[in-house]
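Written below as structure tokens is the structure these notes are about.
The values are calculated or read from the model by the stated rules, or taken from the named source; none is laboratory data. Computed from a prediction, not measured in an experiment: that's the story for all the values here. All Cβ positions, glycine included, derive from the backbone under ideal geometry; neighbour counts span all protein chains shown. All accessible areas refer to the heavy atoms of the entire protein, side chains included, with ligands and DNA or RNA removed. Shrake-Rupley method; radii C 1.70, N 1.55, O 1.52, S 1.80 Å.
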Amino acid sequence: PVLVMMGQPKERIPFWPSQELAVSSSMSTLFLINPTSGRKRNGAKVASLIENAYQEAGQAVEIQEIDFSRLDHILKDAIQRGIQQIYAVGGDGTVNAIGTRLIHEPVNFGVIPNGSGNGYARNIGFSIRTPSPLLNPSTLL
């Protein structure tokens, strides 16, 4: 398992579905979006950008709003169904809630910083702006 950050790191790290990546089309991806994260509360917009990017790349994706009261069940179910990549879309609380539950699980964990502070992303040197591939999905291929 690996941790993937969506943003603009100091070095270019492939992180999005494209022909460059060694990601098979059978690799399942789940984005868990906290709709109340951040000042703009733009979860629906980010979900639309993710869906468009994956659609343009010809890859399947599953997107769900987070129901924190059912998070354990959602993650367990996703892993049992063979989801191999799980992304947290939200702020530090969202990243913590999902990330701590995935320790020792056989999945890759990614983060799209979309909170009001995004201290986690800032502290490891990533931009906290919406990742450019989300804004222009045609750059994925």
Practice task
Filter the range 101-125 down to the residues that are assigned to a loop (DSSP other than H, G, I, E, B) and within 27 Å of ALA78 (Cα to Cα), then identify the one that is modelled with the lowest pLDDT.
Solution key: ASN118
Problem - Any chance ILE128 is touching a helix residue (DSSP H, G or I) at 6+ places or on another chain (Cβ under 8 Å) and at pLDDT 90 or above - result: no
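Here's the yes/no breakdown for (1) at pLDDT 85 or above; (2) polar (S, T, N, Q); (3) in contact with a Gly (Cβ under 8 Å, 6 or more places away or on another chain); (4) open to solvent by 30 Å² or more (accessible area, probe 1.4 Å):
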position	(1), (2), (3), (4)
PRO1	no, no, no, yes
ILE13	no, no, no, yes
TRP16	no, no, no, no
LEU21	no, no, no, yes
GLU56	no, no, no, yes
GLN64	yes, yes, no, yes
ASP67	yes, no, no, yes
ALA88	yes, no, yes, no
Problem - Test for ILE103: is it farther than 20 Å from LEU49 by Cβ, free of Cβ contacts under 8 Å to residues at least 12 places away in the same chain and hydrophobic (A, V, I, L, M, F, W, C) - result: yes
Exercise for the section: Residue by residue through the range 90-110, note down the ones that are surrounded by 18 or more Cβ atoms within 10 Å (Cβ to Cβ) and acidic (Asp, Glu). Expected result: ASP92
Practice task
Please go through the range 40-99 and pick out each residue that is in contact with a strand residue (DSSP E or B) (Cβ under 8 Å, 6 or more places away or on another chain), part of a helix (DSSP H, G or I) and of a type in the set (Ser, Thr, Tyr).
Solution key: TYR54, THR94
